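Some notes on the structure that comes next.
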Amino acid sequence: MQTATTLEVLRSAVDQLRAGGKRLALVPTMGALHEGHLTLVREARRHADAVAVSIFVNPKQFGPNEDLDAYPRRMAADCALLEAEGVELLWAPGVEEMYPAGFSTTVSVAGVSDGLCGAARPGHFDGVATVVLKLFNQVRPDVALFGEKDWQQLAVIRRMARDLDLVRPHVEAIVGVPTVRETDGLAMSSRNQYLSPAARAQAAALPQAMREAIAALAAGSAAAPTLAALEAHLLQAGFDSVDYAALADPLSLAPLDTLGDAPARLLVAARIGGTRLIDNMHVGPTGKPE
Ligand code: AMP
C-alpha cells in the first residue's frame, strides 16, 4: 500500500493506478476503522481494479462544541487493517494540505441537508460536501462508496454528484453500502468507543426501539404516536435525549405522516452518556425492517 500525505505524491500514485484505463474506487473515511469501513473497502474491490481509502478527520464538519479534538485517531492500526485488505493507496492529508491558508470555498446542498442531522448540527453537511468534492477532485475515482449508516450524508452526496455533474449519466458511481451492526444490533461506529460499558449495553435499545416502531407502522400506526413511543422507549432505556426520530421519504428526506405503499426510512439521533448515536432503517410497505 502506498501512503500519500501530499497532493503531489497523491497525483502520481493516482496516475499510476489509473494507467491503462484501470478503474479506481474511493472509500472516504475519518479513520478509527472498524468492520463497517472494511466492508466498504471489500465492496469497493468488486467495483474497481484498485482501491484508494482516504483518512481525514475533517474539521469543517465538526461544530464548535463537538468532538473534533477527542475524535479517535489511530493511523498505525488503520494502516495495518488496510494493508491486510490489500488496499493500493491511502490518502492521509494533513489539515494544511486539505485547507491551505486562504481556503474560502464552501459547497452547500440545499434541501436535503436542512433537516434531521443538518438541523441538529448547523454547517455539518456543508463541511461534508466540501471535503467530499475535494476528495473526488483529488483522487478522481470511477466509483465512491459510502455507508447507509449515514443515510442523510449519502443523500447529500448523491444530490451534489447529480447537481454538479460528478457522475457520468446512467452510471451509478456513488454506491451505498448497508449498515454493518454489532451482534446486539447496534450500528458500528467509531464513536461507539466513547461509550462506558453500561452505556454501551443500554445503547442496544436504539435498534430494538426502531424495530418495534417499524412493526407498529406496519400494523397501521400513524408516524407521530409511533415516533413519540420510540422516543419514550429510548429515554426509559437510559438515553439522555433524542435529537430526532423521523419517518421520511428515503431520497428527499421529507417527513411522512404514515407508511404508505412506497418504501420509507426511519431515522433517529439520540444521546447517551455524552455520545450522539445515529441510526436509520428501511421501512418497506410490508414494514419489514432490514
Ligand atoms: P466515518 O469514518 O465515520 O466518516 O465513515 C466513513 C464511511 O464509512 C462513511 O461512508 C460511513 O457511512 C461508513 N460507515 C461508518 N459506519 C458504518 C457501518 N456501521 N456500516 C456501514 N458503513 C459504515
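A compact table of results
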quantity	calculated
Compactness index (Cα Rg / 2.2 N^0.38 Å), region 1-134	1.11
Mean Cβ count within 10 Å, highest first, over the residues of peptides 3-12, 122-131	122-131, 3-12
Region 189-290, Rg to Rh (Cα coordinates; Rh as Kirkwood inverse mean 1/r)	0.98
On Cα atoms only, tilt of 223-236 relative to the major axis of the chain in degrees	80
Nearest 10 degrees, 0 to 90: helix 151-163 Cα axis against the chain principal axis	50
J(HN,Hα) series, region 186-191, from Karplus relation 6.51 cos²θ - 1.76 cosθ + 1.60, nearest Hz, glycine and proline x	5, 5, 5, 7, 4, 7
Between helix 75-84 and the chain: long-axis angle, C-alpha atoms, 0 to 90°, nearest 10	80
Whether region 93-216 is rounded, prolate or oblate, judged on the alpha carbon gyration tensor where a/c under 1.5 counts as rounded	prolate
Fraction of accessible area attributable to carbon and sulfur, the chain (%, probe 1.4 Å)	53
Residues whose placed amide H lies under 5 Å from that of residue 272, excluding near-sequence neighbours	240, 277
Within-14-Å neighbourhood charge of residue 231 [Cβ basis; K, R +1; D, E -1]	-3
At 1.306 mPa s and 10 °C, Stokes diffusion of the chain via Kirkwood alpha-carbon radius, µm² per second	80
Helix-only CD estimate at 222 nm, as mean residue ellipticity for the chain, using -39500 (n - 2.57) per DSSP H run (n ≥ 4)	-11000 deg cm²/dmol
Rg and Dmax of region 20-96, Cα atoms only, in Å	13.5, 47
Where Cα atoms sit under 26 Å apart: lysine pairs in the chain separated by 8 or more or lying on different chains	5
Residues with amide H under 5 Å from that of residue 54, placed H, sequence gap 5 or more	27, 29, 91
In Hz, Karplus ³J(HN,Hα) per residue of region 211-220 (6.51, -1.76, 1.60; θ = phi - 60°; x = Gly, Pro)	5, 4, 4, 5, 5, 5, 4, 5, 7, x
Per residue accessible area in Å² of the chain, where ligands, DNA and RNA are left out and the probe is 1.4 Å	45
Cα gyration tensor shape of region 97-150, rounded if a/c is under 1.5, else prolate or oblate by comparing a/b with b/c	oblate
Cut-off under 5 Å, modelled amide H: who pairs with residue 147 long-range	177
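The values are calculated or read from the model by the stated rules, or taken from the named source; none is laboratory data. Predicted, not measured: the structure shown is a model, and the values here were computed from it. Methodologically, a virtual Cβ is constructed for each residue, glycine included, from the backbone with ideal geometry; neighbour enumeration extends over all protein chains shown. Accessible surface areas use protein heavy atoms only, side chains included; no ligands, DNA or RNA. Shrake-Rupley method; radii C 1.70, N 1.55, O 1.52, S 1.80 Å.
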